[in-house]
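The values are calculated or read from the model by the stated rules, or taken from the named source; none is laboratory data. Because the structure is predicted, anything quoted here is derived from the model rather than measured. Glycine gets a Cβ as well: all are built from the backbone with ideal geometry, and neighbour counts include every protein chain shown. Note: accessible area is taken over every heavy atom of the protein model, side chains too, but ligands, DNA and RNA are not part of it. Shrake-Rupley method; radii C 1.70, N 1.55, O 1.52, S 1.80 Å.
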Amino acid sequence: MSVFKSYLRQLIRQLKALKKAEEEGNKDEVRRIIEELLKDAQDGLEDD
């Protein structure tokens, strides 16, 4: 359960950063964060 909570905390941080980058119109940062989210999700699936 603590691993899942840790994952959720990291996800929230990334989503907040994504929201801020989008609000500021920083398309490069938005793309970077999306790629990071996708990589993290894929890596999490491969760990099982």
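In table form, for the structure just shown:
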read-out: Per DSSP, loop GluC sites (Glu not before Pro) in the chain with at most 12 further Cβ within 10 Å; value: E24
read-out: Where only C-alpha atoms are counted, convex hull volume of the chain per residue in Å³; value: 47 Å³
read-out: Charge dipole magnitude, Cβ of K and R +1, D and E -1 - the chain, Cα centre, debye nearest 20; value: 320 debye
read-out: On Cα atoms only, tilt of 2-23 relative to the major axis of the chain in degrees; value: 10 degrees
read-out: Length released on extending from D43 to K19, taking residue separation times 0.36 nm less the Cα-Cα span; value: 6.4 nm
read-out: Cross-link reach list, aspartates and glutamates versus K20, counting only Cα pairs under 15 Å and skipping chain neighbours closer than eight places; value: D28, E29
read-out: Surface per residue (accessible, 1.4 Å probe) for the chain, Å²; value: 89 Å²
read-out: Tilt relative to the chain, helix 27-47 - C-alpha long axis, 0 to 90 degrees, to 10; value: 10 degrees
read-out: Carbon and sulfur %, accessible surface of the chain computed with the full protein complex present, 1.4 Å; value: 56 percent
